[in-house]
Amino acid sequence: MRASSGGQRSRSRTDKIRLIIADDHVTVLEGLVAIIGRQPDMQVLAAASNGREAVNLWIKHRPDVTLLDLRMPMLDGVGAIQEIRQREFSARVIVLTTFDTDTDLSKAIKAGAKGYLLKDAPRDELLTCIRRVHSGETVIPASLVTKLTAGLTAESVTDRELEVLTLLTRGKSNKEIGTTLNISESTVKSHLRNIFTKLNVLSRTEAIATASRQGLVKL
């Protein structure tokens with residue numbers, strides 16, 4: 001299986017982008033196959049009407065990019081992404097859905113989706129997304145980034161970490177934070193490490209700025 005993946009990476013850049021498309025709505029599926037199939041640099045290898053079929057087709061064809069609906073019978077889009085990435089961690093999957101809640105976004109990105117588009121996105125935006133994901137980028141429309149960030153933050157930052165962040169914003173030292181919260185200084189440091197990881201920052205100053213920007217704390 002790894003040999004097949006390596007073969008894909010070594011193919012000429014002039015080759016077409018090979019895709020599998022999965023959607024349980026026949027009209028949507030046929031429309032996507034037609035639109036994408038007409039592109040000179042793309043080739044639709046197969047189409048699936050549910051998540052289980054999508055995974056099986058992925059195993060059979062090893063496409064360059066997989067386009068998945070989020071809500072499908074037998075296996076949903078998140079489950080399909082997880083199963084595909086268990087077989088090939090670098091698999092490139094794009095979610096195309098009508099759902100834009102922070103929970104849906106968060107689950108899809110955490111599962112490993114490299115792109116997330118709504119079904120009402122313009123045709124050119126969809127085609128550009130496919131090409132960019134194929135080239136190695138992660139593509140999320142700007143209109144969805146705020147929702148994604150808010151969703152991930154709300155889910156990941158605990159109440160205690162929020163208390164630490166608030167005191168950090170007030171300029172408190174680790175020792176002062178520990179005294180205020182009645183926890184040890186080493187525990188404060190542990191909370192800070194978790195906060196830095198969850199906010200994807202490297203310093204106290206950056207953590208404060210990011211937390212403020214996301215509405216977690218007020219400066």
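The values are calculated or read from the model by the stated rules, or taken from the named source; none is laboratory data. Since the model is a prediction, treat every value here as computed from it, not as a measurement. Positions of Cβ are generated from backbone atoms using ideal geometry, with glycine treated the same way; all protein chains shown enter the neighbour counts.
Condition check ((1) under 30 Å from Gln214 (Cβ atoms); (2) of a type in the set (D, E, K, R)) across all residues:
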position: Arg52; (1), (2): no, yes
position: Pro73; (1), (2): no, no
position: Gly77; (1), (2): yes, no
position: Val93; (1), (2): yes, no
position: Phe99; (1), (2): yes, no
position: Ile109; (1), (2): yes, no
position: Lys114; (1), (2): yes, yes
position: Asp124; (1), (2): no, yes
position: Leu127; (1), (2): no, no
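Can you go through Leu118, Leu70, Leu144, Leu57 and tell me which one is among the hydrophobic types (A, V, I, L, M, F, W, C), more than 26 Å from Ser156 (Cβ to Cβ) and touching a Leu at 6+ places or on another chain (Cβ under 9 Å)?
Leu57
Any idea which of (1) in contact (Cβ under 8 Å) with a residue 24 or more places away in the chain; (2) within 20 Å of the chain's Cα centre (by Cα) is the one Phe89 doesn't satisfy?
Of (1) in contact (Cβ under 8 Å) with a residue 24 or more places away in the chain; (2) within 20 Å of the chain's Cα centre (by Cα), only one is false for Phe89: (1).
Could you say whether any residue in the range 177-189 is surrounded by 17 or more Cβ atoms within 10 Å (Cβ to Cβ), under 30 Å from Ala108 (Cα atoms) and not assigned by TED's automatic domain parsing to the domain that holds Asp104?
No.
Can you tell me which of Thr66, Thr128 is under 20 Å from Met42 (Cβ atoms), in the same structural domain as Val28 (by TED's automatic domain parsing) and surrounded by fewer than 17 Cβ atoms within 10 Å (Cβ to Cβ)? So that I can check it myself, show each step before the final result.
Values: Thr66 fails: surrounded by fewer than 17 Cβ atoms within 10 Å (Cβ to Cβ).
That would be Thr128, the only listed residue that is under 20 Å from Met42 (Cβ atoms), in the same structural domain as Val28 (by TED's automatic domain parsing) and surrounded by fewer than 17 Cβ atoms within 10 Å (Cβ to Cβ).
Going by the conditions given, is Ala113 over 17 Å from Leu19 (Cα atoms) and small (Gly, Ala, Ser)?
no
Please name all residue pairs, on different chains or six or more residues apart, with Cβ atoms under 6 Å, provided the first residue is in the range 200-216 and is on the phi < 0 side of the Ramachandran plot and in the same structural domain as Gly171 (by TED's automatic domain parsing) and the second residue is modelled with pLDDT of 80 or more and of a type in the set (S, T, N, Q).
Val201/Thr210; Ile208/Thr169
Consider Asp41 carefully, then state whether it is in the same structural domain as Lys119 (by TED's automatic domain parsing) and under 18 Å from the mean Cα position of the chain (by Cα).
It is false that Asp41 is in the same structural domain as Lys119 (by TED's automatic domain parsing) and under 18 Å from the mean Cα position of the chain (by Cα).
Tally time: how many residues in the range 17-51 are in contact (Cβ under 8 Å) with a residue 24 or more places away in the chain and closer than 25 Å to Glu83 by Cβ?
Total meeting the criteria: 22.
Do we have any residue at all in the range 137-158 that's part of a helix (DSSP H, G or I), more than 30 Å from Leu32 (Cβ to Cβ), under 18 Å from the mean Cα position of the chain (by Cα) and of a type in the set (D, E, K, R)?
Checked the range 137-158: at least one residue is part of a helix (DSSP H, G or I), more than 30 Å from Leu32 (Cβ to Cβ), under 18 Å from the mean Cα position of the chain (by Cα) and of a type in the set (D, E, K, R).
Suppose we keep only residues that are crowded, with 17+ Cβ neighbours inside 10 Å and of a type in the set (Val, Ile, Thr) within the range 94-125. Which one would you say is nearest to the chain's Cα centre (by Cα)?
Ile109
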